[in-house]
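**Q** I have a structure I would like to understand better, so I am pasting it below and will then ask my questions one at a time.
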Amino acid sequence: MNEARRNDKYVPPWTDPKAEPYVRIEKVTKKFGDFVAVDDVSLNIYKNELFCLLGGSGCGKSTLLRMLAGFEQPTSGSIYLDGVDMAGIPPYNRPVNMMFQSYALFPHMSVEDNVAFGLKQERLAKNEVSKRVNDMLGLVQLAQFAKRKPHQLSGGQRQRVALARALVKQPKLLLLDEPLGALDKKLREQTQFELVNLQDRTGVTFVVVTHDQEEAMTLASRIGVMNQGRIVQVGTPTEIYEFPTTRFVADFIGSVNMFEGRIVDEDNDFVRIGAEDARCTIFINHGVAAAPNSTLWVAIRPEKVNISREPPPDASENCTTGIVQDIAYMGDVSIFNVKLDGGKVVKVTQPNLFRHAEETITWEDRVYLHWHPASGVVLLQ
């Protein structure tokens, strides 16, 4: 992913049929009594990738991470790392390190002693420990804080100490469980880019667990969306956002307007959907593989909906009307909640490109909502 950011000619390994996965999870199930926490999951992760497991509380993402670390054993299935079956290998013998949300730093130790702890446990030579600790503190930009204790650092600095401690052992795989959850919003956004750059410089394969959609979209080369113990979609951030395969994924990633309907006309390169809750016919400029008379849904992101007081040139399709119910000014964008004549509320976001002395659209205005034929995503489940 990081090479892809630097070089447009880079071919992602997951698109190469000859590429060998670095982490291979095969039909893994984990049960706690009668409860199925992870349900028949298969997943490939590639070397140097920054992969995010994304899902809500209780979806199984942390349990899957703990099985990679060796803290839990699969009830069935196999996990391979760099071609080696991890079955029966305890955590301390795996080429894996894990960073917890709490950071778990030793409060009585200095920064450099915290980072050196794992190396000293392995009885490395003193000069080797010193060199690796100094190099790692330089990499995370904490060399000047080497003698400080954790309580003398900010939250972001403590997070970097925990990262340095995890990376200094040069693991093949670094697991991060909600690594930025303890930081405030602004610092979390800043640290996301620092984490991506650090992974890029070290080349270590990262697997990150998070419930934060924006965090996953910022960090990941690919995202695995989990729900009820299963991975429901794997793809790049663009694929997950623009081409969700289910209503759950479309609704979980960002905001979305969902319309239910049935096909009224179709061909190989278009489909027309009658959507009663949209109060209009929705035209999609590509074909859909759906059974006749089957119910389907059209997902349209709020930023892809245009809002205006005047009707568009062609209001026969992909156009509906309603009353502005709520407006939220967010600085960079304004959010409009528009109640359609049938009662459904549609969300629209519009960028604030210019400073306006007076808003052109306000509460209780009757407006037209319209969108491009390529804006909708048809979902069959």
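The values are calculated or read from the model by the stated rules, or taken from the named source; none is laboratory data. Here the structure is a predicted model, which is why all the values come from computation and not from measurement. Methodologically, a virtual Cβ is constructed for each residue, glycine included, from the backbone with ideal geometry; neighbour enumeration extends over all protein chains shown.
**Q** Looking only at region 205-230, count how many residues are closer than 24 Å to Val28 by Cα and touching a Leu at 6+ places or on another chain (Cβ under 8 Å). First the steps, then the outcome.
**A** Initially, region 205-230 is screened for residues closer than 24 Å to Val28 by Cα, giving 205-211, 216, 220-230.
Those left that are additionally touching a Leu at 6+ places or on another chain (Cβ under 8 Å): 205-211, 216, 220-221, 223-226.
The total comes to 14.
**Q** Of the residues that make up region 12-21, is at least one surrounded by 21 or more Cβ atoms within 10 Å (Cβ to Cβ), assigned by TED's automatic domain parsing to the domain that holds Gly155 and in contact (Cβ under 8 Å) with a residue 40 or more places away in the chain?
**A** No.
**Q** Go through the residues of region 293-315 one by one and say whether even a single one is outside any strand (DSSP E or B), closer than 14 Å to Ser375 by Cα, in contact with a Leu (Cβ under 8 Å, 6 or more places away or on another chain) and not basic (Lys, Arg).
**A** Quick first cut of region 293-315, residues outside any strand (DSSP E or B) only: 293-295, 301-305, 309-315.
Imposing the further condition that a residue be closer than 14 Å to Ser375 by Cα reduces the set to 301-305.
With in contact with a Leu (Cβ under 8 Å, 6 or more places away or on another chain) added as a condition, the list becomes 305.
From what is left, the residues that are not basic (Lys, Arg) are 305.
Yes, there is a match, as at least one residue in region 293-315 is outside any strand (DSSP E or B), closer than 14 Å to Ser375 by Cα, in contact with a Leu (Cβ under 8 Å, 6 or more places away or on another chain) and not basic (Lys, Arg).
**Q** For region 179-212, which positions are closer than 15 Å to Val140 by Cβ and part of a strand (DSSP E or B)?
**A** Phe206
**Q** Return the total of residues in region 147-169 being at pLDDT 85 or above and surrounded by fewer than 16 Cβ atoms within 10 Å (Cβ to Cβ).
**A** Qualifying residue count for the region: 4.
**Q** Do you know which residues across region 52-78 are farther than 30 Å from Ala250 by Cβ and either in contact with a His (Cβ under 6 Å, 6 or more places away or on another chain) or outside any loop (DSSP other than H, G, I, E, B) (or both)?
**A** Selection gives Ala69, Ser76, Ser78.
**Q** Which is of a type outside the set (Val, Ile, Thr), within 18 Å of Val256 (Cα to Cα), at pLDDT 85 or above and more than 26 Å from the chain's Cα centre (by Cα), of Gly322, Gly274?
**A** Details: Gly274 fails: within 18 Å of Val256 (Cα to Cα).
Result: Gly322 is the single residue among Gly322, Gly274 that is of a type outside the set (Val, Ile, Thr), within 18 Å of Val256 (Cα to Cα), at pLDDT 85 or above and more than 26 Å from the chain's Cα centre (by Cα).
**Q** Could you check Asp212 against (1) modelled with pLDDT of 85 or more; (2) over 30 Å from Phe35 (Cβ atoms); (3) of a type in the set (Asp, Glu) and say which number it fails?
**A** Unmet for Asp212, out of (1) modelled with pLDDT of 85 or more; (2) over 30 Å from Phe35 (Cβ atoms); (3) of a type in the set (Asp, Glu): (2).
**Q** Here are Gln170, Gln233: which of them is outside any helix (DSSP H, G or I), farther than 25 Å from Val28 by Cβ and in the same structural domain as Met98 (by TED's automatic domain parsing)?
**A** Values: Gln233 fails: farther than 25 Å from Val28 by Cβ.
Checking each option against the conditions leaves just Gln170.
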